[in-house]
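Notes for the one structure printed next.
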Amino acid sequence: MGIKSDRWIRRMAQEQQMIDPFEPHQVRRENNQPIVSYGTSSYGYDVRCADEFKIFTNINSSIVDPKQFDERSFVDVKSDVCIIPPNSFALARTVEYFRIPRDVLTICLGKSTYARCGIIVNVTPLEPEWEGHVTLEFSNTTPLPARIYANEGVAQMLFLGADEVCETSYKDRAGKYQGQTGVVVPRT
């Protein structure tokens, strides 16, 4: 198994629409203003956060239970920025829609720009033949409100190519998050 390069990423995006929309280069400025970068890097792809957010709140005094998650624990926000309360979190989604090849495992890591501010990005691996918008989780580990910018880079996807094709893919198992669009809360 090995990590895939920028050439491979460009080829797969072009030939198999692995990433849509796709930016073949690293974008660091828009409208002559600096932004948190997105697009193809040396050995990965920096994804953008869409402008749809679910901000966690405890106004209903619910218990966080992944088997019986109360969707009223979130406030929906559509905006160019998301303010995450201190010691809380928000869900969002990528701008990009992914179609992962059968012989590839994708791992997501947060960008250092956010990590250096105490904002942690968490995403589980994208398994072979998974497809959809990626749901992102942003944890604000600070005692202050934290800002996330929509349509700018938030995390980097690394693509690991397998030596052989998997026996059973996410699609074969009819995974519960297959084909997701929008910001998706926990399912069982």
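The values are calculated or read from the model by the stated rules, or taken from the named source; none is laboratory data. Model, not experiment: these values are computed from the prediction. Cβ atoms come from the backbone with ideal geometry, glycine included; neighbour counts cover every protein chain shown.
General remarks:
- Here region 127-177 is the region considered, the condition is being of a type in the set (Gly, Ala, Ser) and free of Cβ contacts under 8 Å to residues at least 60 places away in the same chain, and the residue that is farthest from GLN33 (Cα to Cα) is ALA174.
- From ILE9, ILE63, ILE19, residue being aliphatic (A, V, I, L, M) and loosely packed, with under 11 Cβ neighbours inside 10 Å: ILE63
- Candidates LEU144, LEU136 - the one that is part of a strand (DSSP E or B) and either touching a strand residue (DSSP E or B) at 6+ places or on another chain (Cβ under 7 Å) or at pLDDT 95 or above (or both): LEU136
- Selected residue (criterion: surrounded by the fewest Cβ atoms within 10 Å (Cβ to Cβ)) from residues of region 157-182 that are aromatic (Phe, Trp, Tyr) and part of a loop (DSSP other than H, G, I, E, B): TYR177
- The listed residues are ILE84, ILE100, and the only one of them that is hydrophobic (A, V, I, L, M, F, W, C), buried (at least 18 other Cβ atoms within 10 Å of the Cβ) and either without any contact (Cβ under 8 Å) to a residue 40 or more places away in the chain or more than 24 Å from GLU129 (Cβ to Cβ) (or both) turns out to be ILE84.
- Tally of residues being exposed (fewer than 13 other Cβ atoms within 10 Å of the Cβ) and either of a type in the set (Lys, Arg) or under 21 Å from ARG187 (Cα atoms) (or both) across region 45-60: 2
- Number of positions in region 7-25 that are more than 20 Å from VAL134 (Cα to Cα) and touching a strand residue (DSSP E or B) at 6+ places or on another chain (Cβ under 6 Å): 1
- Verdict on THR94 being assigned to a strand (DSSP E or B) and within 25 Å of THR142 (Cβ to Cβ): yes
- Entirely in region 1-74, the strands (runs of 3 or more DSSP E) that have 2 or more residues that are under 18 Å from the mean Cα position of the chain (by Cα), at pLDDT 95 or above and among the small types (Gly, Ala, Ser): 33-41
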